[in-house]
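Some notes on the structure that comes next.
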Amino acid sequence: MMPTRTGTSFSFQNDPAFIVGLSLAIVLGMLALLVPFYVSLFLLALLLYSVSLVEKPATVLYSLAFIAPQINIMVTGGHSIGKTFVYDHHNFLLVDFLSLAIVIVIAIGRVTGKVGPIRRRSFDLPLLFLAGYAAASLLWVKDLSSGLVIFLELCSCIVIFYSPILLMKEKRTAEIFLWIWLIIAIYSAILSISTLYVHYGHGILYRATQYFDDSQYMLRFVVIVFAKIKKRVGGFADPNRVAHYLNTALLAGLVLYLHAKKRFAKICIGLVMFLLLYTIVHTLSKAGIGSLMAIVFFYVLLHKRFSGKAIRTLLIFFIALVTCIVLMSVIDLSGGLGRFGESPAETSGNMSLALRLKWWQASLTLLFASGGLGAGVGGIAGHDWSYAQSVYFSLLADLGLIGFLLAAYFLFTYAVELYTLMKKIYDDNFYYSLALMAAGCVGLFFIHALVDFGYNLRLPWLMAGLALAAAEMGNNALAPQEKEG
């Protein structure tokens with residue numbers, strides 16, 4: 001006799017979570033028949049991890065905060081594993097597998113009621129059109145395998161974007177998320193600075209992290225620690241990506257600093273922020289440092305806490321920045337600042353703007369050759385270079401004018417909805433600070449992305465979702481207080 005539901009007891013007959021979980025287990029079990037044994041174990045672990053988070057789905061965001069910065073921990077498989085770079089078109093990041101776990105968590109959470117209704121938003125349709133056009137472009141992409149990988153990475157970006165919107169509903173969740181983000185940033189900063197003094201060989205690490213290699217199928221976990229590059233720090237990513245990630249962490253630290261209640265906590269957070277700034281300067285990323293200066297300027301102007309003392313606050317930031325540059329020049333990088341004055345002639349066309357101009361020209365060539373349709377998602381990866389070192393040129397080269405306009409339409413509708421919500425919560429409160437910080441991180445990306453990155457960088461998608469989630473939390477939490485007042 002099968003058990004039945006009594007009160008809150010479990011029922012095998014009509015419990016929807018059991019049905020969904022069993023269905024997913026069957027699907028992954030059938031998939032396991034097509035892949036090697038160790039891949040089956042990985043899929044099983046992924047399913048068990050997802051099911052373990054169903055009771056409190058928001059905790060999956062903590063994993064996202066932990067794993068997102070590990071930019072150069074990759075999983076690559078197949079008979080041809082490609083190059084060992086984060087932007088290579090044969091590699092997935094660990095965060096992409098976490099995206100699959102998030103989908104499972106949301107699916108089961110919706111059935112069990114642990115995840116709230118997925119309401120329609122103004123930007124859903126433009127984003128669906130963009131993803132649909134990217135999928136359609138696989139029909140004419142030069143290298144289908146490269147295009148499929150980049151398309152799946154784009155899907156991962158979309159899942160990451162919606163994750164905070166659907167799962168972050170409590171202030172406590174957001175605070176823990178920020179603390180994890182800041183703590184992992186400390187680790188990343190220390191690792192980056194260490195590359196000035198410790199040589200991490202690419203080959204040694206690469207060989208040490210090849211696993212499950214056989215004649216029929218290869219699955220490799222690849223960890224790369226970049227050594228210093230022309231006196232620039234490395235770490236788990238190249239200097240530009242390190243600078244961009246640490247910029248987001250510095251802004252996260254600013255939110256925690258503004259709303260810390262104890263003086264000791266403020267001092268500790270302030271010291272961590274100085275460490276992050278010191279490391280950012282060490283990357284010698286002109287776009288990274290420039291984007292940070294611009295966003296800090298706007299954050300101070302737009303936040304009510306700094307009303308009447310914006311000039312003093314910006315002066316303190318400027319003094320801290322100059323102090324970091326002086327310390328860097330004296331202690332570690334004597335002469336390294338000369339890179340900021342490089343010209344195309346000095347670099348023989350191999351560094352900085354000169355190289356980017358070549359890629360941008362090649363991207364436009366792809367665009368014109370395709371009649372404006374684009375070379376297809378991942379189209380750049382099917383040619384001689386991996387990405388255009390500019391999100392704008394990458395998008396134009398891959399998805400053409402149609403994809404570019406769809407992306408612009410999505411951003412416009414998203415920005416309007418975010419602005420509408422942020423107007424309602426404008427004040428010196430945690431929710432506005434967090435929403436402004438996350439929106440600022442998106443701004444960091446779009447400034448830095450003028451000269452670097454591609455549209456499949458996961459970090460800005462996460463921050464865009466976090467900004468909207470914070471604004472919605474603030475609107476839900478503060479609206480009842482306004483009615484009572």
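Since every read-out is calculated from the coordinates, none of them should be taken as a lab result. All values derive from a computational prediction rather than experimental measurement. Quick reminder, even Gly has a Cβ in these numbers, built from the backbone with ideal geometry, and neighbours come from all protein chains shown.
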| query | How far apart, in nm, are two points set 7 Å out from the Cα along the Cα-to-Cβ line at Arg263 and at Val103? | reply | 5.3 nm
| note | So, with points 7 Å from each Cα along the Cβ direction, the Glu55-Tyr187 label distance in nm works out to 2.5 nm
| field | Label zone at Ala294, where the point sits 7 Å out along the Cα-to-Cβ direction: region 439-455 residues whose backbone N lies under 13 Å | value | 440-452
| note | Full extension between Lys304 and Thr420 adds, at 0.36 nm per residue less the Cα distance, a length in nm of 40.0 nm
| said: I need Tyr133, Tyr426 ordered by Cβ neighbour count within 10 Å, fewest first. | reply: Tyr426, Tyr133
| What is the packing order of peptides 436-449, 143-156, taking the mean over residues of other C-beta atoms within 10 Å and listing the highest first? | 436-449, 143-156
| What list do you get for Phe318, Phe453, Phe368, Phe97 if you sort them by fewest beta carbons within 10 Å? | Phe368, Phe318, Phe97, Phe453
| Loop trypsin sites (Lys or Arg not before Pro), region 238-337, which have at most 13 other Cβ atoms in a 10 Å radius of their Cβ (DSSP) | Lys261, Lys262, Lys309
| task | Pop the C-beta distance of Asn476 and Phe446 into the FRET formula with R0 = 22 Å and round what comes out to the nearest 0.05. | result | 0.20
| request: Quick one: which residues, 5 or more positions from Val115 or on another chain, have an amide H under 5 Å from its amide H? H modelled 1.01 Å from N in the peptide plane, none for Pro or chain starts. | output: Arg110
| Can you sort Glu175, Glu472 by how many other beta carbons sit within 10 Å, fewest first? | Glu175, Glu472
| request: Could you pull out the pairs from Lys309/Lys423; Lys261/Lys304; Lys169/Lys304; Lys169/Lys424 whose alpha carbons sit more than 20 Å apart here? | output: Lys309/Lys423; Lys169/Lys304
